[in-house]
There are 2 protein chains.
Amino acid sequence: MPKVVDHDERRLHIVDAVTQIIIRDGFDRVTMREIATEAGYAHGAIQRYFPNKQSLLTAAFLKVFNDSHEQIERACDGVRGLDALSKMSELLLPFSTGEAERSKLVLTFWDRAAQDPEMFDIHHDNIVRRRQMIRTYLEQAREDGELRADADIENEVNRISTFNAGWQMLSVLVPEASGDDMLQASIDTMIDNLRA
Amino acid sequence: MPKVVDHDERRLHIVDAVTQIIIRDGFDRVTMREIATEAGYAHGAIQRYFPNKQSLLTAAFLKVFNDSHEQIERACDGVRGLDALSKMSELLLPFSTGEAERSKLVLTFWDRAAQDPEMFDIHHDNIVRRRQMIRTYLEQAREDGELRADADIENEVNRISTFNAGWQMLSVLVPEASGDDMLQASIDTMIDNLRA
């Protein structure tokens, strides 16, 4: 009987291995062959799922993004407004208790998305979804009377987007300023500044 | 008589050409040979100044960083505290009147600095200098009684760093949210939130 291969599981296994390798060695340094070896597959087996390094990076980014999106939805089930915004940033910011080192992968994806229209579109779809989540929480805060009266929602969507993005950069490139206490203090100030 | 070559000028000319090429075509897409051709030099002539692509990228980043640093120092001559912070962000954020497209080069450099210890150190020296500038303006704001009493200076240094960094990312990857009016509104809110 031919061996039954679970393609979804194999794909996922490859993506997880790739994520670790990119974080540890850097995307530019690794070859498809090294990724295959480390993940325990023949080079051709990986190519069957991912024709090139960019498709591997995209899959790794989407996994990180979707995992965090699901985490936020679970954590914010039944939570609204500013509490939900606070929980969201706690999950997105690179706390040491979470997936801090994934910020490196995010920086690599941003750069490639800036250079490649297809990767740009994939990133854009996802960040628009994230920004819609932020907008919803801000609208709830307004409905519930939590939000400062003079706050402009689109302006605050931008400010929270830059905050979440900026911490990805800072945690990788200024690690000494990115301790858990500093991350939490910055979230608390963000929420205080929004509160009526 | 042998031709006198102004090496500093030639170096600067190469760096300017490279910056434009990286922004237009993407760092990953261009080869040293294409950069040389576009800048009007023989391949060997470029290699004499820059042995590899990374050294070109580093020189381009340092030029962008130092130019903006000098612009800020000029603009903030005789200006203190929150006014200086506001002027600083106006110069760093990618307004269409400025060097908006340079954000793409910044994203490329961040990614490479995350992967290469030497580039990390170069970036780190510069961002520490930038953060010291922010800290000085915040301390002036405190001395002058402009700063909110409960503001923690290190926390605000981080928050302003993430703000400036986050807008580099947003302007490249969410351009429709990064109009001049949105940039200015976000700076005004940042300053309002700091004010006593």
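The values are calculated or read from the model by the stated rules, or taken from the named source; none is laboratory data. Everything numeric here is computed off the predicted structure, so don't read it as measured data. Here Cβ is always computed from backbone atoms with ideal geometry, including for glycine, and neighbour counts include all displayed protein chains. Calculation scope for accessible area: heavy atoms of the full protein, side chains included, ligands and nucleic acids excluded. Shrake-Rupley method; radii C 1.70, N 1.55, O 1.52, S 1.80 Å.
Of all the listed residues (A:R148, A:R131), the sole one being at the interface with chain B (Cβ under 8 Å from one of its Cβ atoms), open to solvent by 10 Å² or more (accessible area, probe 1.4 Å) and closer than 21 Å to B:T189 by Cβ is A:R131. Scanning segment A:149-176 for residues that are in a helix (DSSP H, G or I), within 20 Å of the chain's Cα centre (by Cα) and of a type in the set (A, V, I, L, M) yields a total of 7. Look at B:A114 and say whether it is farther than 24 Å from B:L173 by Cα and without any contact (Cβ under 8 Å) to a residue 60 or more places away in the chain. No, not satisfied.
Of these, B:R74, B:R33, which one is out of contact with any helix residue (DSSP H, G or I) (no Cβ under 9 Å at 6 or more places or on another chain) and either among the aromatic types (F, W, Y) or assigned to a helix (DSSP H, G or I) (or both)? The unique qualifying residue is B:R74.
Taken as a whole, segment B:171-182 holds no residue that is among the polar types (S, T, N, Q), open to solvent by less than 20 Å² (accessible area, probe 1.4 Å), at the interface with another protein chain (Cβ under 9 Å from one of its Cβ atoms) and farther than 21 Å from A:F109 by Cβ.
If the condition is being farther than 12 Å from A:N193 by Cβ and either outside any helix (DSSP H, G or I) or in contact with an Asp or Glu (Cβ under 7 Å, 6 or more places away or on another chain) (or both), then segment B:183-196 contributes B:A185, B:I187, B:A196. Looking across A:L91, A:L85, one residue alone is closer than 30 Å to A:N193 by Cα, assigned to a helix (DSSP H, G or I) and free of Cβ contacts under 8 Å to residues at least 24 places away in the same chain. It is A:L91. Looking only at segment A:96-127, residues that are surrounded by fewer than 17 Cβ atoms within 10 Å (Cβ to Cβ), modelled with pLDDT under 95 and at the interface with chain B (Cβ under 10 Å from one of its Cβ atoms) come to 0 in all.
Pick from segment A:1-30 the residues that are in a loop (DSSP other than H, G, I, E, B) and exposed (fewer than 14 other Cβ atoms within 10 Å of the Cβ): which of them is nearest to the chain's Cα centre (by Cα)?
Per the stated criteria, the residue is A:R29.
Could you please find all residues in segment A:183-196 being more than 7 Å from chain B (Cβ to nearest Cβ) and within 19 Å of the chain's Cα centre (by Cα)? If the condition is that a residue be more than 7 Å from chain B (Cβ to nearest Cβ) and within 19 Å of the chain's Cα centre (by Cα), then A:L183, A:Q184, A:I187 are the ones that fit.
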